[in-house]
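In what follows, a single structure is set out as structure tokens and then discussed.
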Amino acid sequence: MSKRKSLKIIFGVLAILAPVLMAGFNYHIESTPEYESFRGYDLLNDIIFTRLGAEGFYRQPQDEVRHCSTDPACRKLNNLIKKYSDQNCIDRERDLFAIKLFKVENAPNVTLHKDNPVYLRLDSEPIALIYPEDPTAFCYAGTLGDLKDWYYYSRTSHKITVSSGFIIAAFIFGLISIIIKPSKSKKRKILQGCYRNTDKMIII
């Protein structure tokens, strides 16, 4: 088998394999715990939907400050806010000192085991950022609902980017496979030259 023909087969197989890998990523790999940990989605999910969204200490929501200096989930959340929030007061060069949550009256609650109520924070609850230089001042970053939207948007946009990469790769591999033409054998070329005359070409 000639080198050109081998390359044509290889690129043809890659063109078929790329959409298969894309489907595997979208329907399985993207939601595995290992990939979520690699992308930091597990940290964001924990801090947004559990630690900020529900009170695990079974108490009424209140004004509260959660420190971020040693919390990797908080730092991950800070990166998400810096990427998607359009508030001018956000310092995109510094790390956070803390996140301030504001009390909202009449928060809903759900009852879990042992009849303990867990009070849920409203999506309209404001979230503010506090920086180390001035712990008494804070910057309004958005609401809890905004954090959830940014989290989902981040995951969706990353999935679209990866899927687009697979589609582009499949197109390029398929195009290369079509462009590559199998070369004629060396023996055939020699015989074409030996048996050419003025009237016709004899090919053995």
On the basis of being at pLDDT below 85 and of a type in the set (A, V, I, L, M, F, W, C), does PHE49 make the cut? yes
Would you pick out the residues in the range 124-140 that are of a type in the set (A, V, I, L, M), farther than 19 Å from THR50 by Cβ and in a strand (DSSP E or B)? ALA128, LEU129, ILE130
Given the conditions (1) touching a Ser or Thr at 6+ places or on another chain (Cβ under 9 Å); (2) at pLDDT 85 or above, which single one is not true for SER163? (1)
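Is it true that GLY56 is modelled with pLDDT under 70 and small (Gly, Ala, Ser)? Break it down stepwise before answering.
On the way: modelled with pLDDT under 70: yes; small (Gly, Ala, Ser): yes.
The answer is yes for GLY56.
Residue-by-condition table, conditions (1) at pLDDT 90 or above; (2) of a type in the set (A, V, I, L, M, F, W, C):
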| residue | (1), (2) |
| --- | --- |
| LYS148 | yes, no |
| TYR152 | yes, no |
| PHE173 | no, yes |
| ILE176 | no, yes |
| LYS184 | no, no |
| LYS189 | no, no |
| GLY193 | no, no |
| ILE202 | no, yes |
Condition first: of a type in the set (Gly, Ala, Ser) and under 18 Å from the mean Cα position of the chain (by Cα). Now tell me which residues in the range 117-175 satisfy that. SER154, SER157, SER163, SER164, GLY165
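The values are calculated or read from the model by the stated rules, or taken from the named source; none is laboratory data. Computed from a predicted model, the values in this text were never measured in an experiment. Neighbour counts are summed over all protein chains in view; Cβ atoms, including those assigned to glycine, are modelled from backbone coordinates with ideal geometry.
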